[in-house]
1. Over the alpha-carbon set of region 343-422, work out the extent along each principal axis and list the three values in angstrom, largest first.
2. Which entries in Lys310/Lys508; Lys392/Lys481; Lys346/Lys481; Lys108/Lys315 show an alpha-carbon gap greater than 28 Å?
3. What angle do you read, to the nearest 10 degrees and between 0 and 90, between the alpha-carbon axis of helix 174-187 and the longest principal axis of the chain?
4. Quick check on packing: order 46-58, 80-92, 477-489, 317-329 by the mean number of other C-beta atoms within 10 Å, highest mean leading.
5. So, R0 is 60 Å and r is the distance between the beta-carbons of Ile520 and Val60; what FRET efficiency does that work out to, to 0.05?
6. Helix 97-107 against the longest principal axis of the chain: what's the angle in degrees, Cα atoms only, rounded to the nearest 10?
7. Could you compute the net charge surrounding Pro311? Neighbours are other residues with a C-beta less than 15 Å from the C-beta of Pro311; K and R count +1, D and E count -1.
8. Just want to confirm a number: the relative contact order over region 12-69, from Cα pairs under 8 angstrom separated by 6+ residues, in percent.
Amino acid sequence: MLAFRKRFIAFTLSAAATLLLLGLIAALPGWHGVLLAVLAAPGLLTLTGLYDLVQTRHAVLRNYPIIGHLRFLLEDIRPEIRQYFFEDDKSGMPFPRDKRAIVYQRAKHQLDKRPFGTHYNVYDSQFEWLHHSIAPRPPATEGFRLTIGGPDCRQPYNASVFNISAMSYGALSSNAIRALNRGASLGHFAHDTGEGGISPYHREAGGDLIWEIGSGYFGCRAADGGFDAQAFAATAADPQVKMIEVKLSQGAKPGHGGVLPRAKITPEIAAIRGVPMDRDCVSPACHSAFSTPAGLLEFLAELRRLSGGKPVGFKLCIGHPWEFLGIVKAMLETGVTPDFIVIDGKEGGTGAAPLEFMDHIGMPLRDGLSFVHAALVGANLRDRIKLGCAGKIISGFDMARVIALGADWCNAARGFMFAIGCIQAQHCHTGACPTGVATQDPMRQRALDVPGKAERVARFHQDTVKSLAEILAAAGLDHPKQLMPQHIMRRGVDGRIHSFNDRYPALKPGQLLEGAAGTIFEEPWALASATHFAPAPGSL
């Protein structure tokens, strides 16, 4: 009776139909053609069931021959079913549907307004809003810009307040890079290359580039995998390269290196990254060009010299607080400061990362940004260094929120990916991106029309900055630099309302130099050292 249990019934019926048809074929020679055609389906199912019973890889198939395959089919299409049928406008992750929709609408210059009122429960904990003014100002009509470059910079860069965050060629397709850079050129904002180096596709449209240099030193890599000063100087001299950014860590996977297998290294990628094709390409978890806070600053100073005085800075996700404060101490001791620092939040994106790193390693953007801003204020260094930030920034309110915490400008990666067609299918790590954005498959990426998507990139940038201007005007402000933590409010878990001024600790100018007694900075400042990233010897 085992054959008639529900879990075996599909196999039993297929086998019975196969035997019946084989009997008919033997009994009715004149009907061979028709019967053989009919036999194909049950015969294939029977063979599949027999294989399921004897294979040892999947227990569910051994216990549920044939019908067990439905489990794998449904699991495969589960993300699509959830996104299209069950996800509401606010609950989707990493980006909810309404956030994705606002990008699509602004990129296409479509109506981006909503009817009937907010979908948020404004009395829930964590709800946030901006205080408005009884006397609003006229919205600014010129795009907000800022000058990046400290006292040692000879070629400061006039940047937009909203730019494309780091995404490498290799992670993105050639057409995606072309569209992003052409859009940046049309909209007069910057495009971060990501650590994969500057590809020919970054150069075609001539859009402003921020050259990101990671621990693999791609584009300025010596034969031993270290830093090649001569190769760096040659690339940095390109007028299209406006700033140089040293990547210390990435929000989605801080402290994690990477390996590009030899089998995936094409001649083009080898040329762009400056790596051989006969071995794996390793990106270590840490840099080999320096090993101390003071060493980092010496490296930045050398990059500034080799680049002819272009703005040089670094990007990091905040981890141990004493490590960043060690860099601050090194700035004070050496007199060398970066022109900018970019804070990458742990909520930032990636093409691929271990789940534990994406979910539980690194400090979220707002906490890290407020920490860095306060530390620089407390060390009397804030006026020398501009702060950028990245991490799920999509809308004008997203920008206003982080600018209130100390950011001078914002970067977005996935927002601009949505602008060129990304539908959040989350197949970035498989090479099977359905819209040609995150793939190296020539047939898939040909679907991405570069001229049309470039226009959408420029329009998304334009309308997002416009929305920021309207938000500022509603608050009675004229410029983002006027935003302060007290402008942003949040409802706590106890139902009480607190401003960001209450939630995120601040320091007075020079307070850190006096030890910051009684603040959250007191202990990590005592542990920090300019000569070690580890806590100062004897401090623990």
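The values are calculated or read from the model by the stated rules, or taken from the named source; none is laboratory data. Only a predicted model underlies this, so the values are computations on that prediction, with no experimental measurement involved. In this analysis, Cβ positions are derived from the backbone assuming ideal geometry, glycine residues included, and neighbour counts consider all displayed protein chains. Keep in mind that these areas ignore ligands, DNA and RNA; they rest on the heavy atoms of the full protein, side chains included. Shrake-Rupley method; radii C 1.70, N 1.55, O 1.52, S 1.80 Å.
1. 42, 29, 18
2. Lys310/Lys508; Lys108/Lys315
3. 40
4. For the peptides 46-58, 80-92, 477-489, 317-329, the packing ranking is 317-329, 477-489, 46-58, 80-92.
5. My answer for the efficiency is 0.75.
6. So the helix axis and the longest Cα principal axis differ by about 70 degrees.
7. Numbers: positive: Arg145, Arg154, Lys242, Arg304, Arg305, Lys310, Lys315, Arg384, Lys386; negative: Asp152, Asp192, Asp208, Glu212, Asp238, Glu245, Glu302, Asp339, Asp408.
Neighbourhood net charge equals 0.
8. 28
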